Amino acid sequence: MSSYRFCRTDDIGLLVDALNRCWAPHFPDEPPMTAAVFKRSIRDLQVWCSSCMVAFSGSDPIGVLIGAKRPSGTLIHKIAVHPDHRRQGHGRHLLTSLSSKLAILGPPRMVAEVPESFAPACELFSASGYVQEALLTDYVLDSDGTHLPTLEGFFTIPVTVDDLAANGLIGEADRPVCWERSVETLTARKGEIAGLAVASDESIEAYVLHAADGEVVSLRGVIDDGGTRLQHLLARLRARGLALRLPKVHPAELSTSLLETLGFRPTGAHRLYTAKARSD
């Protein structure tokens, strides 16, 4: 017999087990979930155990939903049903249960960033009344895609998340970004994020923030120079041996033409689904 329940802060072990039982079969190339990694998602993404659910068959987890919550909305970070228990309504029940809870407690906006290759989840969200709002594209920087332009009268300097925040250069409401690269996540991860910027005597004119593994977490040319300053910064980072990747780019965040100019090429995509919480 199936049962479902929301989780508590002392259920991290259960949620880790449920992810390894239910999510991992769909993504066998990913490393197993651990308690340490899950706790980092609480810090970085604001995952709330009370917004997470597990479906059971007897005492065995057969479905899991991981929810992250901010004032702007709730992210369904991961949802998966064990392959042996698919098409029995478990995923739909997890979604509707969370929706009913959020309709009362808020926030009402619900979002999901689903790998386009994860067909069962895409089908689930479409069938559950979610609307695809955008396609978020994953990019990598080609090995020969950058060169080092000559810049005169400018400086290349290290920058931090705090430096950019102090200059009003991150967290702009008019630049849509994925949940993992929002200002909340950058602030939570600032101790492990490095950056380079091109600066004049008066201001920062372009910057790139990145993690140690080469994930670009924020990049921006403050002035319109056709990407020259960003090319300079990316070439500097490649010279350090970083294999740069830029995940989940919203089409209104950075133009395709700019990314092509910089040497990025698409490698995959995520579908951005949205819905409003309902009690029915």
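A few points about this structure:
- Screening 235, 206 for residues that are of a type outside the set (Lys, Arg) and touching a helix residue (DSSP H, G or I) at 6+ places or on another chain (Cβ under 9 Å) leaves exactly one candidate, 206.
- Here residue 30 fulfils each of the conditions (1) free of Cβ contacts under 8 Å to residues at least 40 places away in the same chain; (2) buried (at least 17 other Cβ atoms within 10 Å of the Cβ) apart from (2).
- Residue among 254, 246, 242 that alone is out of contact with any Pro (no Cβ under 9 Å at 6 or more places or on another chain), under 19 Å from residue 171 (Cβ atoms) and not in a strand (DSSP E or B): 254
- Of note, residue 91 does not satisfy the criterion of being more than 20 Å from the chain's Cα centre (by Cα) and surrounded by fewer than 21 Cβ atoms within 10 Å (Cβ to Cβ).
- Of everything in the range 257-274 that is assigned to a helix (DSSP H, G or I) and of a type in the set (A, V, I, L, M), the residue that is most open to solvent (accessible area, probe 1.4 Å) is 258.
- Applying the condition of being in a loop (DSSP other than H, G, I, E, B) and closer than 22 Å to residue 249 by Cβ to the range 106-120 and asking which residue is most open to solvent (accessible area, probe 1.4 Å) yields 117.
- All conditions but one from (1) surrounded by fewer than 19 Cβ atoms within 10 Å (Cβ to Cβ); (2) modelled with pLDDT of 95 or more apply to residue 149; the one that does not is (2).
- Test result for residue 215, closer than 16 Å to residue 141 by Cβ, surrounded by 13 or more Cβ atoms within 10 Å (Cβ to Cβ), touching a residue at least 12 places away in the same chain (Cβ under 8 Å) and of a type outside the set (A, V, I, L, M): yes
- Which listed residue, of 50, 41, is under 18 Å from residue 13 (Cα atoms), open to solvent by less than 40 Å² (accessible area, probe 1.4 Å) and either assigned to a helix (DSSP H, G or I) or in contact (Cβ under 8 Å) with a residue 60 or more places away in the chain (or both): 41
- Residue 10 vs. criteria modelled with pLDDT of 95 or more, assigned to a helix (DSSP H, G or I) and under 23 Å from residue 273 (Cβ atoms): no
- Subset of the range 238-253 (residues that are modelled with pLDDT under 95, of a type in the set (A, V, I, L, M, F, W, C) and surrounded by 14 or more Cβ atoms within 10 Å (Cβ to Cβ)): 242
- Qualifying residue in the range 3-11 (condition: within 18 Å of the chain's Cα centre (by Cα) and surrounded by 17 or more Cβ atoms within 10 Å (Cβ to Cβ)): no
- Residue check, residue 73 over 24 Å from the mean Cα position of the chain (by Cα) and over 16 Å from residue 23 (Cβ atoms): no
- Just one of the listed residues (133, 123) is among the acidic types (Asp, Glu), touching a strand residue (DSSP E or B) at 6+ places or on another chain (Cβ under 7 Å) and open to solvent by 20 Å² or more (accessible area, probe 1.4 Å), namely 133.
- The combined condition, being among the basic types (Lys, Arg), within 30 Å of residue 104 (Cβ to Cβ) and surrounded by fewer than 19 Cβ atoms within 10 Å (Cβ to Cβ), is not fulfilled by residue 190.
- Selection count, the range 51-60, where residues are more than 23 Å from residue 113 (Cβ to Cβ) and either in contact with a helix residue (DSSP H, G or I) (Cβ under 8 Å, 6 or more places away or on another chain) or of a type in the set (Val, Ile, Thr) (or both): 2
- Residues that are within 25 Å of the chain's Cα centre (by Cα) and either on the phi > 0 side of the Ramachandran plot or hydrophobic (A, V, I, L, M, F, W, C) (or both) within the range 94-106 comprise 94, 95, 98, 102, 103, 105, 106, listed in sequence order.
- Some residue of the range 49-66 being under 18 Å from the mean Cα position of the chain (by Cα) and within 21 Å of residue 123 (Cβ to Cβ): yes
The values are calculated or read from the model by the stated rules, or taken from the named source; none is laboratory data. These numbers come from a predicted model, not from an experiment. Every residue, glycine as well, gets a Cβ built from its backbone with ideal geometry; the counts of neighbours run over all protein chains shown. Note: areas computed on protein heavy atoms with side chains; ligands, DNA, RNA excluded. Shrake-Rupley method; radii C 1.70, N 1.55, O 1.52, S 1.80 Å.
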